[in-house]
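Heads up, the thing below is written out as structure tokens.
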Amino acid sequence: MRHFIIADNQELTRQGLEALVRRKEQNAVYKVTDKAGLIQLLKEHESAVVILDYTLFDFADVEQLLIISERFELARWVLVSNDLSPAFLQKVIYTSHLFSIVYKDSPVRDIVEALQAAEHHQRYISQRALEEIIASQQDDEPVSPLTNTEREIVIAIAMGKSTKEIAAERCSSVHTITTHRKNIFRKLGVNTAHEVTKYALRCGLVDSSEFYI
């Protein structure tokens, strides 16, 4: 049985979300109207999927939301809101892997996909959210320190390809690609492929319409 907690104070939206969740008869659905009630339910169902309208709930700020998500690290969160700022989106997406993001005016299929992703401990970020982040950073993005070859390798890394796979595709040795990776990490000041992926998203190197985090 999968437990869902709907934390949304708009009755019409709450009923619509409940109808989507109850498509599977084995799903258990709980509804809360404030942070205290949400925490209590998470204590009882630590691996629940939380469907949250952040903008209308009683969180003081995004930091408080992230603290609670870290406290209940087995839970998965689907943010179904409107008016999420680029700064909020960046903070949530880049800080935690526990959140999926869609909007209340998103197509129903997008919301369903986000719920299904959360059920399988995966993350779904809507195209609109990714585009808003990219658009907000384009004006401030410095000139890329990477060469054309390094940018191509960044794209490959962001798409989840291994060093061996990249080497085969480029007809290069594994040693050459490893050297490129080291140079990329050094230039970007990062330590992991995940951070390289975030750079690729910020710079628009990855097609956000097809990319899932």
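Near LEU188, once Lys and Arg are set to +1 and Asp and Glu to -1 for all other residues with Cβ below 10 Å from its Cβ, the sum equals +1. So what's the net charge close to LYS24: Lys and Arg +1, Asp and Glu -1, counting the other residues with Cβ under 11 Å from its Cβ? Residues close to LYS24 contribute a combined charge of +1. Across segment 29-45, coupling constants 3J(HN,Hα) worked out from phi with the 6.51/-1.76/1.60 Karplus curve, θ = phi - 60°, read 10, 10, 10, 9, 10, 8, 4, 4, x, 5, 4, 4, 5, 5, 5, 7, 9 Hz, and Gly and Pro carry x. Listed by chain and number, the lysines whose C-alpha is less than 25 Å from the C-alpha of LYS161, apart from same-chain residues fewer than 8 away, are LYS182, LYS187, LYS198.
Please state the shape class of segment 1-64: rounded when a/c is under 1.5, otherwise prolate if a/b exceeds b/c and oblate if not, all from the C-alpha gyration tensor. Let's see the in-between values first.
Values: a/c = 2.41, a/b = 1.32, b/c = 1.82.
Oblate is the answer for segment 1-64, as a/c is 1.5 or above yet b/c matches or exceeds a/b.
In the chain, the DSSP-assigned H stretches of four residues or longer account for a calculated mean residue ellipticity at 222 nm of -15500 deg cm²/dmol, using -39500 (n - 2.57) per stretch and the full residue count as denominator.
Below 29 Å, Cα to Cα, which lysines can LYS24 reach? Residues fewer than 8 away in the same chain don't count. Within reach: LYS35, LYS43, LYS104. For the chain, the fraction of 1.4 Å probe accessible surface lying on carbon and sulfur atoms is 48 percent.
Computed log10 I(q)/I(0) for segment 18-125 at 0.23 Å⁻¹: -1.58, from the Debye equation with unit scatterers placed on every C-alpha and solvent omitted. Normalising the average separation of contacting C-alpha pairs (under 8 angstrom, six or more residues apart) by the number of residues puts the relative contact order of segment 1-133 at 21 percent. Surface analysis of the chain yields an accessible area of 52 Å² per residue, using protein heavy atoms and a 1.4 Å probe. Given the alternatives [x] 31; [y] 19; [z] 25, percent of Cα pairs over 30 Å apart as computed for this entry is given by [x]. Note down the net charge around GLU63, summing +1 for each Lys or Arg and -1 for each Asp or Glu among other residues with Cβ under 12 Å from its Cβ. Residues near GLU63 contribute -1 overall.
In a DSSP loop and with at most 16 other Cβ atoms within 10 Å, the trypsin sites (Lys or Arg not before Pro) in segment 10-44 are ARG22, ARG23, LYS24.
Were the residues from GLU119 through GLU44 laid out at 0.36 nm apart, the gain over their Cα-Cα distance would be 25.2 nm.
The values are calculated or read from the model by the stated rules, or taken from the named source; none is laboratory data. Predicted model, so just to flag it, every value in this text is computed and none were measured. So basically every Cβ, Gly included, is an ideal-geometry build from the backbone, and we count neighbours across all protein chains shown. These area figures cover heavy atoms from the full protein model, side chains too; ligands, DNA and RNA do not enter into them. Shrake-Rupley method; radii C 1.70, N 1.55, O 1.52, S 1.80 Å.
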